[in-house]
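Colleague: Okay, here's the structure, questions in a sec.
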Amino acid sequence: MGVARESATRSGAGPTDAALVVSSRAGEDWAREALFRRHARAVGGLAFRLTGRDADVDDLVQESFMIAFERLDKLDNPQAFSAWLFGIVVRRAHKLLRRRRLLTRLGFRDDELDLEWVAGSNAPPDVVTELKEIYGRIEQLPATLRIPLVLRRVEGLQLADIAEMTGASIATVKRRIAQAEETLGLGEKRER
Amino acid sequence: MNDDRLSKFARPRIDDARLARQWSVISRGRRARSGAWMLAFAAAAVVIACFVTWRLARQTPVVVAARANVTELASDQTGSTLVLADGSHITIGPSSRLLVRETSATETRVELVAGRADFDVKHDPARAFVVVAKGVTVVDTGTRFHVEYTSPTEVRVSVSEGSVRVERAQGAPSSLIAGESWTSGPAPVETAADAGETAEVPHDAGAAPPRADDSFARFSAIADSDPAAAFEVFGVSGYPRAIGRATPKQLFELADAARLSDHPAQAADAFDALRSRHRADPRAGLAALQLARLREDRLHDPAGAEAALRDAIALAPDATLREDAEARRVGVLEKMNDKAGCTEARDAYLAKYPSGIHRAKVEKSCGGR
């Protein structure tokens with residue numbers, strides 16, 4: 001599974017996310033920076049895979065952390081900081097994709113997805129093929145279908161996690177993934 | 001596949017310098033909006049470049065301001081003419097102002113702010129042409145018509161060719177055909193500040209004037225990130241009033257916030273208001289479908305769901321949404337034990353979508369084929 005299960009402390013050392021959240025709420029800037037540094041790469045990776053463009057990553061990372069820090073007081077379970085943060089990223093990405101799709105449809109924005117960029121140079125051939133298969137056609141999907149598809153097929157998240165991140169029911173998530181796969185002709189590889 | 005194999009190899013290059021730049025922006029408490037601003041300006045440019053193609057027929061209207069989704073135009077003392085990309089003509093009267101707003105692939109929306117304008121609309125069934133003036137909504141159904149402020153609070157619509165439908169937030173819509181005209185009657189002075197979208201609130205005599213407050217601004221600011229908190233901006237008791245004065249966009253936000261915060265009845269009310277009050281809005285079809293889902297899944301009202309699904313099928317702007325609605329309707333009719341209706345709907349779906357994504361499920365409905 002991907003981003004949603006990033007451990008709070010990869011090495012087991014250092015304060016937990018919950019401790020950092022509590023300190024951040026108390027106005028400790030170091031704690032905020034620690035939270036940022038702990039999760040920024042995962043957030044950037046998720047933003048990259050959702051949007052498919054490196055140029056969108058910085059905006060999404062910055063906006064997501066800004067929103068998270070503004071709303072930290074409302075987080076019920078501080079230990080769930082990362083899942084909550086990734087939900088924010090997904091919602092911001094959804095907005096960005098909708099806006100981008102509208103502009104593209106109007107013929108204004110035509111920056112092509114760089115498929116060579118999506119798959120890292122160290123990726124095995126079968127992974128490159130699969131990523132290209134998905135990202136090569138993903139632009140035709142609306143955000144409501146694209147995001148569940150990426151969360152499922154690229155991030156490898158469970159349906160329940162996707163439902164929580166997107167604010168939809170599990171049934172809706174399943175339907176959207178199926179619809180996205182059908183649209184992209186990926187149906188034959190769909191999990192049953 | 002169901003692991004994170006792909007995500008491991010699809011990563012951006014994030015080095016320490018990049019992290020430092022990101023943190024610098026975050027720690028200063030300022031969102032990096034370069035991309036967003038670029039998009040906003042781009043959207044404004046698109047509105048101008050794609051939908052408003054100037055022709056120097058007589059005088060060219062002046063672009064007063066352009067925001068993300070709104071272009072404001074004004075004419076001089078002799079009037080102006082502009083031609084939209086679809087071939088429709090708008091002749092703006094002397095000293096008049098209008099906004100081209102909320103333009104999308106399925107709708108052109110123009111708001112007459114002052115003065116008068118003649119519209120010669122190239123009818124496109126896939127694209128609604130809507131004129132709004134002081135709470136009066138004129139929906140083109142293929143026509144040439146005129147909208148005018150006869151006083152600061154009164155709007156007159158007259159049709160010289162074809163037909164239009166005139167809607168207000170309250171009361172039944174009126175249809176006008178060539179040679180007919182309609183006057184709104186005096187209305188209270190509008191006080192709500194333009195917060196990016198003008199509320200289509202009723203201005204009937206006796207109705208309370210809209211009150212300017214920042215509830216919707218507060219609501220919209222957090223609706224995405226915290227639906228439960230957004231819902232509490234109005235609360236259960238305040239939702240009916242909020243629904244009553246919301247724009248189509250706000251209705252959708254109200255519905256989503258209620259839905260996501262586990263208030264299905266309020267969500268259903270907001271979707272219902274959107275699909276019944278703003279039938280020309282491109283979101284109306286989706287609102288009807290969402291309403292049907294809520295009625296079926298959360299409110300246990302299959303008959304109400306079925307009615308909403310029929311509406312969704314009629315209003316749906318795209319085939320995917322329509323197909324979903326038609327498939328769901330088969331299931332609802334089955335729940336209602338309407339054997340004949342279910343069979344008819346099932347057979348219609350299978351004939352219409354021989355390789356539809358819901359085919360397998362629909363085939364098994366109503367006792368199977």
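Colleague: What's log10 of I(q)/I(0) for segment B:217-367 at q = 0.09, 0.14, 0.15 Å⁻¹, Debye sum over Cα points only, no solvent?
Modeller: -0.30, -0.67, -0.75
Colleague: Further question on the same structure: Going down the list A:LYS95/A:LYS132; A:LYS74/B:LYS249; B:LYS335/B:LYS361; A:LYS95/B:LYS249, which pairs span over 21 Å between their C-alpha atoms? Kindly include the intermediate steps, with their values, before the conclusion.
Modeller: On the way: A:LYS95/A:LYS132 24 Å; A:LYS74/B:LYS249 26 Å; B:LYS335/B:LYS361 14 Å; A:LYS95/B:LYS249 14 Å.
Over 21 Å apart, Cα to Cα: A:LYS95/A:LYS132; A:LYS74/B:LYS249.
Colleague: Here's something else I'd like to know. Using a 10 Å cut-off around each Cβ of peptide A:122-128, what is the average number of partner chain Cβ atoms that fall inside?
Modeller: Working: counts 2, 6, 2, 0, 1, 6, 3.
Per-residue shielding by partner chains comes out at 3.
Colleague: Moving on. Please find the FRET efficiency linking A:THR172 to B:LYS361, where r is the Cβ-Cβ separation and R0 is fixed at 22 Å, and quote it to the nearest 0.05.
Modeller: 0.90
Bear in mind these aren't lab numbers, they're just calculated from the coordinates by the rules spelled out. Bear in mind that the values here come from a model prediction, so they are computed numbers and not experimental data. So basically every Cβ, Gly included, is an ideal-geometry build from the backbone, and we count neighbours across all protein chains shown.
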